[in-house]
Amino acid sequence: MGGAVSAGEDNDDLIDNLKEAQYIRTESVEQAFRAIDRGDYYLEGYRDNAYKDLAWKHGNIHLSAPCIYSEVMEALKLQPGLSFLNLGSGTGYLSTMVGLILGPFGINHGIELHSDVVEYAKEKLESFIKYRECVVFSAPIRLLDLEYPAWRESHRARLGCPSSSTLSNPNLG
């Protein structure tokens, strides 16, 4: 999966190609993809492939191929008010799209192993919120932030939830 679906020039091209290949089948998933520019989740200087249906990784920061995200979102039949848990939540791209569908009463949690990726995801979420006028959504909340070596040695995990905040963002409907 990935690579053959899109060689788009921008986010709209990517989504049009995913729709044409029938990876995106519902309006809510399409609207979530259109509301969030995939290129915004890439590091500066690495955006050349942002709109291709390819996975990307630099250090611990990673994005799966867009067709994978669309398949996940379609298969889960996401609706407002549901709960979502993203293991290996990475940049927060998928979690943020899901949060748009879940709406303000959904529960949206992400677990990410690497603290540098958690910080990157927080920056991306803050940026996403800053440039949106007014739509409420279920913001991703990181439940677990463990550095792998510490976890491996102790075989214990500490859970902690940061405080939730009210967020604005573009409506999906």
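Odds and ends about this structure:
- Against the test of being modelled with pLDDT under 95 and surrounded by 14 or more Cβ atoms within 10 Å (Cβ to Cβ), the options Val5, Val29 yield a single qualifying residue, Val5.
- Residues of segment 40-90 satisfying the condition of being under 13 Å from the mean Cα position of the chain (by Cα) and among the hydroxyl-bearing types (Ser, Thr, Tyr): Tyr41, Tyr42, Ser64, Tyr69, Ser70, Ser89
- Those strands (runs of 3 or more DSSP E) of segment 34-146 in which 3 or more residues are modelled with pLDDT of 90 or more occupy 56-58, 61-63, 83-87.
- Scanning segment 5-33 for residues that are outside any loop (DSSP other than H, G, I, E, B), more than 14 Å from the chain's Cα centre (by Cα), over 23 Å from Glu123 (Cα atoms) and in contact (Cβ under 8 Å) with a residue 40 or more places away in the chain turns up Ala7, Leu14, Leu18, Ser28.
The rows are residues; the columns are (1) closer than 18 Å to Ser95 by Cα; (2) in contact with a Cys (Cβ under 8 Å, 6 or more places away or on another chain); (3) charged (D, E, K, R).
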| site | (1), (2), (3) |
| --- | --- |
| Asn17 | no, no, no |
| Ala21 | no, yes, no |
| Thr26 | yes, no, no |
| Val29 | yes, no, no |
| Ala35 | yes, no, no |
| Asp40 | yes, no, yes |
| Ser64 | yes, no, no |
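- Single residue of Gly106, Gly92 found to be touching a residue at least 40 places away in the same chain (Cβ under 8 Å) and open to solvent by less than 20 Å² (accessible area, probe 1.4 Å): Gly92
- Restricting attention to segment 11-26, the residues that are open to solvent by 70 Å² or more (accessible area, probe 1.4 Å) and closer than 21 Å to Tyr131 by Cβ total 1.
The values are calculated or read from the model by the stated rules, or taken from the named source; none is laboratory data. Since this is a predicted model, take the numbers as computed values, not measurements. When we count neighbours, we look across all protein chains shown, and the Cβ atoms used for this are built from the backbone with ideal geometry, even at glycine. Ligands, DNA and RNA are stripped out before the accessible areas are found, and what is left, the full protein with its side chains, is counted by its heavy atoms. Shrake-Rupley method; radii C 1.70, N 1.55, O 1.52, S 1.80 Å.
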